[in-house]
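The values are calculated or read from the model by the stated rules, or taken from the named source; none is laboratory data. Computed from a predicted model, the values in this text were never measured in an experiment. Cβ: placed from backbone, ideal geometry, glycine included. Neighbour counts: every protein chain shown. Note: areas computed on protein heavy atoms with side chains; ligands, DNA, RNA excluded. Shrake-Rupley method; radii C 1.70, N 1.55, O 1.52, S 1.80 Å.
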Amino acid sequence: MSDKQRFRLGDYLNQPPQYYHATFGYIAHKVNQQHKKIPLILLKDIYLVDENDKKIRLSKKADFKDHKGNHIVADHLWVKLTKPWFELPDELLYGDEVYFRASVETYNIVRKDVLDQRQAIWDKAKRKSDQIYKRWAKYTEDHYRKNFSLSLNKMKEKQKKIMEQAKEDQAQLSLVDYGLNHIDKIKVVRSKRAMYGVEREREPYSYQQYKKQGYKYSSYLAAKSMNYAKRKAPRQQL
């Protein structure tokens, strides 16, 4: 599914925190600009709920649905592994479902498909502007100096409107995306039955251990969750 699905989250930007229901994927890491490894959680099939985890049905034509028919705001999101996640009674495994409160944030992106679309809009407008000039030049050649100044100004005004519209159309393809931040009030609403021999491996997260060991501990959690997900999930869903 397209990452544009997350633009539905834009409706809640700068709004009070909302509640969301999501399926846990696994823990992984990204490297930030300071070359520090940051632990992240992959969440899948995120949809809007109320404070009691009751689904809120969305109604826009552009809304997407997951395989269960839920109106989702994103098919997947990466969120930070922050302190509230460590307060859960046990670690999460692939397929577990949670709901939580969170705020919407934006972040800058560089996506080739968006840049290409922006360039295509500009190129199309430029071709149209050039065509207008050629028609005007042909007209002035056939009707030498007839209403020259008036026709010149009209031609330039048409070109200006075309390029201004192109800029507006480009602006609709923003190089930003939406995510969730300041997550709290996390509750586990469904713990999937673990594979044989794995259930005993569920253990409480330790925030103190994370504060003490940092990446060493989060990489241990990531390795566990990713290995389990690889065994449990179809390859195409990872």
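Yes or no: the range 96-118 includes at least one residue that is farther than 23 Å from ASN14 by Cβ, free of Cβ contacts under 8 Å to residues at least 12 places away in the same chain and among the polar types (S, T, N, Q). Taking every residue of the range 96-118 in turn, none turns out to be farther than 23 Å from ASN14 by Cβ, free of Cβ contacts under 8 Å to residues at least 12 places away in the same chain and among the polar types (S, T, N, Q). Any residue at all in the range 2-25 that's open to solvent by 70 Å² or more (accessible area, probe 1.4 Å) and assigned to a strand (DSSP E or B)? Checking the range 2-25: not a single residue is open to solvent by 70 Å² or more (accessible area, probe 1.4 Å) and assigned to a strand (DSSP E or B). I'm checking my understanding of the structure. Among residues of the range 45-64 that are open to solvent by 80 Å² or more (accessible area, probe 1.4 Å) and part of a loop (DSSP other than H, G, I, E, B), which one is nearest to GLN18 (Cα to Cα)? Selected residue: GLU51.
LYS37 satisfies every condition listed in (1) surrounded by fewer than 17 Cβ atoms within 10 Å (Cβ to Cβ); (2) within 30 Å of TYR215 (Cβ to Cβ); (3) out of contact with any helix residue (DSSP H, G or I) (no Cβ under 6 Å at 6 or more places or on another chain) except (3).
Consider the range 160-202 and keep the residues that are modelled with pLDDT under 85 and either β-branched (Val, Ile, Thr) or part of a helix (DSSP H, G or I) (or both). The one that is surrounded by the fewest Cβ atoms within 10 Å (Cβ to Cβ) is ARG200.
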